[in-house]
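What follows is one structure encoded as structure tokens, with my remarks underneath.
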RNA sequence: GCGGCUAUGGCGAAGAUGGUUAACGCACCGGAUUGUGGCUCCGGCACUCAAGGGUUCGAAUCUCUUUAGUCGCCCCA
């Protein structure tokens with residue numbers, strides 16, 4: 001037997017329905033904020049992914065799906081959505097052909113070679129947005145507000161936003177130097193990973209989990225002391241906007257994020273409880289003002305975030321019923337009725353009534369069983385008796401009635417029943433055609 | 001890359017200290033009930049316990065290896 005590849009999963013009908021539902025929902029909310037959809041390839045040149053995400057990042061150094069294609073080109077399955085979207089913007093010169101800022105959303109499969117666990121897969125799905133072509137700190141706040149609205153409207157309330165700023169170039173350079181200076185003679189007390197990070201990306205030392213209680217780390221210089229006046233003012237504006245809208249956030253100066261392209265504002269949405277374990281981050285993002293230029297485009301201030309859809313699936317509490325439902329079941333008795341009902345079924349289907357027939361059942365029992373599985377409201381039965389008079393026996397499972405009507409009255413009959421399903425309706429006992 | 005736990009019919013699962021017919025529930029199939037199902041009753045459904053090796057008179061039970069799943073660490077959405 002073939003089994004699915006490690007870290008992948010099948011979405012069976014019920015869950016597939018749930019995921020489409022969530023995706024449609026996210027699309028709708030994003031469009032309320034003025035975002036348009038963009039679709040970009042899953043397959044990308046290794047160069048794009050490696051350069052954008054950062055050679056020193058864990059994702060690129062040990063988690064990408066890299067391979068050489070039949071034309072000897074190094075390829076990578078995208079591990080995140082930002083780089084391919086930015087590439088598309090630059091390649092299609094969208095920054096010139098569309099009004100700025102570009103406000104785009106995307107969703108689709110991402111690939112990371114990790115050990116699978118709860119809320120983490122090798123092939124997984126993200127929904128994200130990217131705003132390109134603005135430096136306004138108001139946009140930082142708007143993007144965070146959008147993410148927050150998504151949470152609220154999915155009735156997820158037990159989250160908060162971790163917020164920090166990495167500052168502009170100048171701030172970051174000064175801070176990096178300060179960190180290097182500070183850690184220079186303290187390297188021995190850091191873990192092996194941090195010793196490496198000291199060379200490649202000293203900021204990453206700050207959110208090291210192994211050293212998180214290390215005094216050396218707790219006493220390290222803080223980014224807030226190295227922010228330029230401009231960066232400081234921008235960050236204040238972001239915070240005040242969030243205050244105005246009462247978005248709950250906490251400033252966390254240890255927050256750094258693992259992708260190398262981030263600048264200025266960065267944030268994470270995390271759950272207050274442990275329903276998702278330590279991987280409680282469902283949404284994260286930030287500014288990346290240098291990325292467009294690093295990818296050979298013009299310099300464009302940009303910000304975005306991504307949601308992990310599996311994690312969202314895991315935590316949402318929806319009362320929606322995703323089970324399979326059809327409108328009616330057709331039950332023919334005898335060959336003549338079967339042929340007649342096949343014609344009838346096609347008419348019903350193209351008229352918008354979902355329905356089905358069990359072609360193989362030899363007994364009434366089998367047919368009725370199918371009607372249970374299909375969760376139908378109406379059961380239509382036709383045998384030689386009904387056929388002779390062009391009529392049909394119809395059972396309404398909600399109102400629990402059974403009567404014989406003529407074939408041509410069938411659709412009107414069902415539509416009326418649909419409108420009023422109130423058994424104790426005084427006007428009609430369920431037949432008046434009024435909405436309840 | 002590292003660590004914990006798990007692996008019994010289509011599914012969920014019982015199976016102290018190894019002992020010889022592998023519970024039970026659900027699903028499914030057949031019948032009571034061949035133009036009316038859902039309830040009920042009766043009957044059927046694992047020469048086999050992830051795979052391979054070892055210990056033993058005897059292994060689903062002990063041991064080793066492998067594989068898979070799952071959870072956690074690192075990291076990330």
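Values in this text are rule-based calculations from the coordinates and carry no lab data. Since we're looking at a predicted model, the values are computed, not measured. Counting neighbours? That spans all protein chains shown, and the Cβs are built from the backbone with ideal geometry, glycine included.
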**Fill in**
chain A, Kirkwood Rh and Cα Rg, ratio Rg/Rh at 1.13
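If R0 is 60 Å, what FRET efficiency do you get for residue A:136 and residue A:362 from their C-beta distance, rounded to 0.05?
Details: r = 70 Å, r/R0 = 1.17.
Efficiency, from the Cβ-Cβ distance: 0.30.
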**Message:** Can you give me the distance in nm between label points at residue A:335 and residue A:347, each placed 7 Å from the Cα along the Cα-to-Cβ direction?
**Reply:** 2.3
**Prompt:** By how many degrees, 0 to 90 and rounded to 10, does the Cα axis of helix A:335-350 deviate from the longest principal axis of chain A?
**Reply:** 40
**Item:** Segment residue A:2-residue A:372, extension gain: residue separation times 0.36 nm, minus the distance between their alpha carbons
**Value:** 130.0 nm
**Prompt:** In degrees from 0 to 90, rounded to the nearest 10, what is the angle of the helix A:229-244 Cα long axis to the longest principal axis of chain A?
**Reply:** 30
**Fill in**
Rounded to the nearest 500, the 222 nm mean residue ellipticity computed for chain A from DSSP H runs (n ≥ 4, each -39500 (n - 2.57)) alone is -10500 deg cm²/dmol
**Request:** Work out Dmax and Rg for region A:328-419 from the C-alpha atoms and quote the Rg first, both in angstrom.
**Result:** 12.0, 34
**Asked** Taking the simple approach of a point 7 Å from Cα along Cα-to-Cβ for both residue A:67 and residue A:322, what is their distance in nm?
**Response** 2.9
**Item:** FRET efficiency for residue A:92 and residue A:20, using Cβ-Cβ distance with R0 set to 35 Å, rounded to 0.05
**Value:** 0.80
**Fill in**
Residue separation between residue A:252 and residue A:11 times 0.36 nm, minus their alpha-carbon distance, gives in nm 83.1 nm
**Message:** On C-alpha positions alone, give me the angle between the axis of helix A:364-373 and the longest principal axis of chain A, in degrees, nearest 10.
**Reply:** 30
**Request:** Quick one: order A:172, A:162 by neighbouring beta-carbon count within 10 Å, fewest to most.
**Result:** A:162, A:172
**Request:** Would you mind calculating the gained length between residue A:293 and residue A:232 on full extension (0.36 nm times residue separation, minus the Cα-Cα distance), in nm to one decimal?
**Result:** 19.6 nm
**Message:** For the pair residue A:145/residue A:199, report the inter-label distance in nm, with labels modelled 7 Å from Cα in the Cβ direction.
**Reply:** 4.6
**FRET efficiency for residue A:397 and residue A:58, using Cβ-Cβ distance with R0 set to 45 Å, rounded to 0.05** = 0.20
**Asked** If you count the DSSP beta bridges with both ends in region A:328-419, what percent of them are antiparallel, to the nearest 5?
**Response** 55
